[in-house]
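Written below as structure tokens is the structure these notes are about.
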Amino acid sequence: MLKVKDLDVYYGVIHAVKGISFNVPEGKIVTLIGANGAGKSSTLKAIAGLVKSKGNIKFLGHDIRGKQAHKISNMGISLVPEGRHVFVNLTILENLRMGGFNKKHSELEPLYEKAFELFPILKERANQKAGTLSGGEQQMLALARALMSEPSLLMLDEPSLGLAPKIVAEVFDIVKMLNSKGMTVLLVEQNAAQALKIAHYAYVLENGAITLEDEAKALLNNEQVRKSYLGEM
Ligand SMILES: Nc1ncnc2c1ncn2[C@@H]1O[C@H](COP(=O)(O)OP(=O)(O)OP(=O)(O)O)[C@@H](O)[C@H]1O
Ligand SMILES: [Mg+2]
């Protein structure tokens, strides 16, 4: 579904992503794991059209590299950004409305219903300002907002960041459930243990380069990964 080849991202003289190549097959959860500054967010931003990049990015056979972000979004790629970035001064409903920017008015109601079914907490608070939600609830809202455009590829940038273990488990359960209903997912995480548990395939990103790739289950048992990313001695 998504084919990234020889992707480079530069910020001035900083070479943040160094010619990486990876694939996200339809129906799968693929994860990119890596430490702070490895280039994970830069990779997702490049795919979403939010930063300039070099190389080749193909989505459903179309070359999308260099296209404008809203066009890429319209083609079916949705990004839940790191740090969630919900609109704190807008209500939950208004936040969802923003996510459905490409939808006609008549299409919105069933999409709200779907979002509320998936995240009942958001229904109770529909008219409350998003800034009053807890971190975990804001992550749910960011996820619900990303789903409003009915993407075929959902990209998640560190959804577990700053959340308590119980909430992290809830977020990952929802991602797994969405995938079981057919959603293709590209998941970026520092929380390698959780990410490898739900992913089918994984890539390890270090200093902007992919140093390891394998079935997620195999990487969970890989000694190097266990030492560097799973906190084992
Ligand atoms: N806007 C920017 N301007 C300059 N340098 C940047 C910019 N954004 C990121 N970088 C640099 O690019 C490199 C990769 O950053 P990136 O945010 O992609 O890493 P990351 O893997 O997402 O890290 P984290 O886990 O901390 O979110 C880092 O060295 C970072 O300092
Ligand atoms: Mg990041």
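None of the figures in this text is laboratory data; all of them are computed from the coordinates on show. It should be emphasised that the depicted structure is a prediction, and the values quoted were computed from it without experimental measurement. Positions of Cβ are generated from backbone atoms using ideal geometry, with glycine treated the same way; all protein chains shown enter the neighbour counts.
Quick one: count up the residues across the range 135-162 that are hydrophobic (A, V, I, L, M, F, W, C), part of a loop (DSSP other than H, G, I, E, B) and buried (at least 19 other Cβ atoms within 10 Å of the Cβ). Full working, then the answer.
Here is the first cut: in the range 135-162, the ones hydrophobic (A, V, I, L, M, F, W, C) are 140-144, 146-148, 153-156, 161.
Checking the rest, the ones that are also part of a loop (DSSP other than H, G, I, E, B) come to 148, 161.
So of that shortlist, the ones also buried (at least 19 other Cβ atoms within 10 Å of the Cβ) come out as 148.
Of the residues in the range 135-162, 1 are hydrophobic (A, V, I, L, M, F, W, C), part of a loop (DSSP other than H, G, I, E, B) and buried (at least 19 other Cβ atoms within 10 Å of the Cβ).
Considering only residues that are of a type outside the set (Ser, Thr, Tyr) and within 16 Å of ligand 1 (Cβ to nearest atom), which ones fall in the range 150-179?
First pass over the range 150-179, keeping only residues of a type outside the set (Ser, Thr, Tyr): 150-151, 153-159, 161-179.
Those that are of a type outside the set (Ser, Thr, Tyr) and within 16 Å of ligand 1 (Cβ to nearest atom): MET155, LEU156, ASP157, GLU158, PRO159, LEU161, GLY162, LEU163, VAL168.
Consider the range 68-86. How many of its residues are assigned to a loop (DSSP other than H, G, I, E, B) and surrounded by fewer than 16 Cβ atoms within 10 Å (Cβ to Cβ)? Step through it out loud before you land on a result.
Going through the range 68-86, the residues assigned to a loop (DSSP other than H, G, I, E, B) turn out to be 68, 76, 81-86.
Narrowing the set further to residues that are surrounded by fewer than 16 Cβ atoms within 10 Å (Cβ to Cβ) leaves 68, 83, 85.
Residues that pass the stated criteria total 3.
May I ask you to list the residues in the range 110-134 that are assigned to a helix (DSSP H, G or I) and in contact (Cβ under 8 Å) with a residue 40 or more places away in the chain? Walk me through it before giving the result.
Within the range 110-134, the first condition is being assigned to a helix (DSSP H, G or I), and the residues that meet it are 110-118, 120-124, 130-132.
Of everything in the range 110-134, those that are assigned to a helix (DSSP H, G or I) and in contact (Cβ under 8 Å) with a residue 40 or more places away in the chain turn out to be LEU118, ALA130, GLY131.
Return the total of residues in the range 47-67 being within 16 Å of ligand 2 (Cβ to nearest atom), in a loop (DSSP other than H, G, I, E, B) and buried (at least 18 other Cβ atoms within 10 Å of the Cβ). Before the answer, list the steps.
As a first pass, look at the range 47-67 and keep what is within 16 Å of ligand 2 (Cβ to nearest atom): 47-48, 50-51, 53.
Filter once more, keeping what is in a loop (DSSP other than H, G, I, E, B): 50-51, 53.
Adding the requirement that they be buried (at least 18 other Cβ atoms within 10 Å of the Cβ) leaves 51, 53.
Total satisfying the criteria: 2.
Residues in the range 7-46 that are over 13 Å from LEU205 (Cα atoms), within 13 Å of ligand 1 (Cβ to nearest atom) and either part of a loop (DSSP other than H, G, I, E, B) or among the small types (Gly, Ala, Ser) (or both): how many?
So the answer is 3.
For the range 71-85, enumerate the residues that are in contact (Cβ under 8 Å) with a residue 24 or more places away in the chain and either at negative phi or among the acidic types (Asp, Glu) (or both). Walk me through it before giving the result.
From the range 71-85, those in contact (Cβ under 8 Å) with a residue 24 or more places away in the chain are 72-74, 76-85; that's our starting set.
Of everything in the range 71-85, those that are in contact (Cβ under 8 Å) with a residue 24 or more places away in the chain and either at negative phi or among the acidic types (Asp, Glu) (or both) turn out to be ILE72, SER73, ASN74, ILE77, SER78, LEU79, VAL80, PRO81, GLU82.
Looking only at the range 214-233, how many residues end up being assigned to a strand (DSSP E or B) and touching a Leu at 6+ places or on another chain (Cβ under 8 Å)?
Initial filter on the range 214-233 (assigned to a strand (DSSP E or B)): 214-215.
Adding the requirement that they be touching a Leu at 6+ places or on another chain (Cβ under 8 Å) leaves none.
Residues flagged as assigned to a strand (DSSP E or B) and touching a Leu at 6+ places or on another chain (Cβ under 8 Å) within the range 214-233 amount to 0.
If you go through the range 188-208 one residue at a time, how many are within 13 Å of ligand 1 (Cβ to nearest atom), part of a strand (DSSP E or B) and buried (at least 17 other Cβ atoms within 10 Å of the Cβ)? Even if it seems obvious, please write down each step before you answer.
At the first step, the residues of the range 188-208 found to be within 13 Å of ligand 1 (Cβ to nearest atom) are 188-192, 195, 203-208.
Next, only the ones that are part of a strand (DSSP E or B) stay: 188-189, 203-206.
Right, trim to buried (at least 17 other Cβ atoms within 10 Å of the Cβ) and you get 188-189, 203-205.
Qualifying residue count for the region: 5.
For the range 144-176, which positions are within 16 Å of LEU32 (Cα to Cα), of a type in the set (A, V, I, L, M, F, W, C) and touching a helix residue (DSSP H, G or I) at 6+ places or on another chain (Cβ under 6 Å)?
Listed by number, the residues that qualify are MET155, PHE172.
Scan (1) under 14 Å from the mean Cα position of the chain (by Cα); (2) without any contact (Cβ under 8 Å) to a residue 40 or more places away in the chain; (3) within 16 Å of ligand 2 (Cβ to nearest atom) for the single condition LEU163 breaks and write down its number.
Every condition holds for LEU163 apart from (1).
Determine if the range 33-49 includes at least one residue that is free of Cβ contacts under 8 Å to residues at least 60 places away in the same chain and within 12 Å of LEU156 (Cα to Cα).
Scanning the range 33-49, I find at least one residue that is free of Cβ contacts under 8 Å to residues at least 60 places away in the same chain and within 12 Å of LEU156 (Cα to Cα), so the answer is yes.
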